[in-house]
Every structure is written in C-alpha cells, then in structure tokens.
Amino acid sequence: MKTKIQNFVENYLKNLNLAIVNSDIKKLEKAALIIKKTAQKKRTIFVCGNGGSAAISNHYVCDYLKFLRQHSRLKPKVISLSSNIETITAISNDINYDQVFKYQAENLFEKDDLLIMISSSGNSKNIKEVLKFAKKMSVKTIGFSGFDGGFLKKNSDISIHINAKNYGISEDAHHIMMHIMLQYLIKYEK
C-alpha cells in the first residue's frame, strides 16, 4: 500500500510532466536557436526573474556560461539581472522595485542582445518594464510564464507558457526547460 507522500509525489510528477508535454515544445527549439545565434554574434544574453525565478535566472549563468562553453564551441556571454543584491536593493530603495531590471538594462542592453524573462504570473511589474524597454532597444525576448501567462505571454517574441496554476509546477517546468535547451544545444547545435 502506498503512503500519502508516495501518492503525492506520483501526482505531482504526473502534473509536472503534463504541463511540460502540453506546452508548445517547438518554441523550445526556437528559443535554443536564438540563444545559439546570440552567442555566435558575441552579443549578450540577459536573464531575470523574481523569487524562485531569480534562482533559475542565476542558474542560467552557471550552466550556459560554464557548461555550454565546456561542451560546445559556443562561448555565450550571460548576465543575470537578478544576481546583484546591492544593485537591486539600491534601485528598489532609491527609485522603485518596478525598475530593478529596466534600470540595469538602460546601462547594459545593446541592439541584438537577448533577454530571457521568467515569471510564473507573467505580470510582475518589473518584468513588464524591462520587456517594454527591450522592445524599444531591438533586444529579442524569450518569456517563460505559468498560470495564464499574463503580459509576458502576450508580449514576448517567443513565449514558452506552462499552463499550471501552481508555482512549484510552473517553476520546476521552467527550470527543466532551461536544462532541455542547454542539452539540446550541446547535442545538436554545436
């Protein structure tokens, strides 16, 4: 007889798998190819998110800067706008938390860079602000969203949406998809 936790784990993993499989998987390939082209052009890949999505953003830097370079010919420049706590707190304290990503982007973005945003709701004000700014700067955008996708789903150049009403499922799916794109690039797009 299964325990409560065994049943819970099986159900959770089933829902996570369904959320990933039922997303538009073809968009993952498009996103991976934009990452590849951005690296080949020696442009910068920026990532950002709040909370758990900030952790995923920082993980991009680790895996794409180090692991992708180590296992392919690509040498991507990857920067997380979520990683510098001193900058984030200064901007949020002195200006407004809505501006923490956009304010950094104003100094860093250049045409043909890439911005990857992760937001379960897709409606975080600071994500909206940096997305609008990216559009003005001709920076390509990839948005990972959950729930109904919100602003991020509607306005990203490539929207990778997980139809999950659960933060854990949404964030886990976004993290898994980050790894899928990485390993796809290593295997097929060297």
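Tabulated data
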{"read-out": "Residues satisfying the stated conditions in the stretch 156-190, i.e. of a type in the set (S, T, N, Q), surrounded by fewer than 19 Cβ atoms within 10 Å (Cβ to Cβ) and in contact (Cβ under 8 Å) with a residue 24 or more places away in the chain", "value": "Asn163, Asn166"}
{"read-out": "Cβ pairs under 9 Å, 6+ apart, first in the stretch 88-109 and within 16 Å of Val47 (Cβ to Cβ), second aromatic (Phe, Trp, Tyr) and part of a helix (DSSP H, G or I)", "value": "Ile88/Tyr97; Ile88/Phe101; Phe101/Phe133; Lys102/Phe133; Ala105/Phe133; Phe109/Phe133"}
{"read-out": "Sole residue being modelled with pLDDT of 95 or more, under 19 Å from Ile45 (Cα atoms) and touching a Lys or Arg at 6+ places or on another chain (Cβ under 6 Å), chosen from Glu189, Glu129", "value": "Glu129"}
{"read-out": "Cβ-Cβ under 7 Å pairs, at least 6 apart or on other chains, the stretch 12-30 side at positive phi, far side surrounded by 12 or more Cβ atoms within 10 Å (Cβ to Cβ) and part of a helix (DSSP H, G or I)", "value": "none"}
{"read-out": "Spans of helices (runs of 4 or more DSSP H) in the stretch 1-65 with at least 2 residues farther than 21 Å from Asp157 by Cβ", "value": "4-21, 52-60"}
{"read-out": "Flag for Phe67 being of a type outside the set (Val, Ile, Thr) and in contact with a helix residue (DSSP H, G or I) (Cβ under 8 Å, 6 or more places away or on another chain)", "value": "yes"}
{"read-out": "Condition broken by Ala164, with the remaining ones in (1) over 19 Å from Ile34 (Cβ atoms); (2) assigned to a strand (DSSP E or B) satisfied", "value": "(2)"}
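Here is a yes/no grid of residues against (1) aromatic (Phe, Trp, Tyr); (2) surrounded by fewer than 19 Cβ atoms within 10 Å (Cβ to Cβ):
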residue: Lys26; (1), (2): no, yes
residue: Lys41; (1), (2): no, yes
residue: Val47; (1), (2): no, no
residue: Tyr60; (1), (2): yes, no
residue: Phe67; (1), (2): yes, yes
residue: Ser72; (1), (2): no, yes
residue: Pro76; (1), (2): no, no
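The values are calculated or read from the model by the stated rules, or taken from the named source; none is laboratory data. A quick note: this is a predicted structure, and the numbers were derived from the prediction, not measured. Note that we place each Cβ from the backbone using ideal geometry, even for glycine, and neighbour counts take in every protein chain shown.
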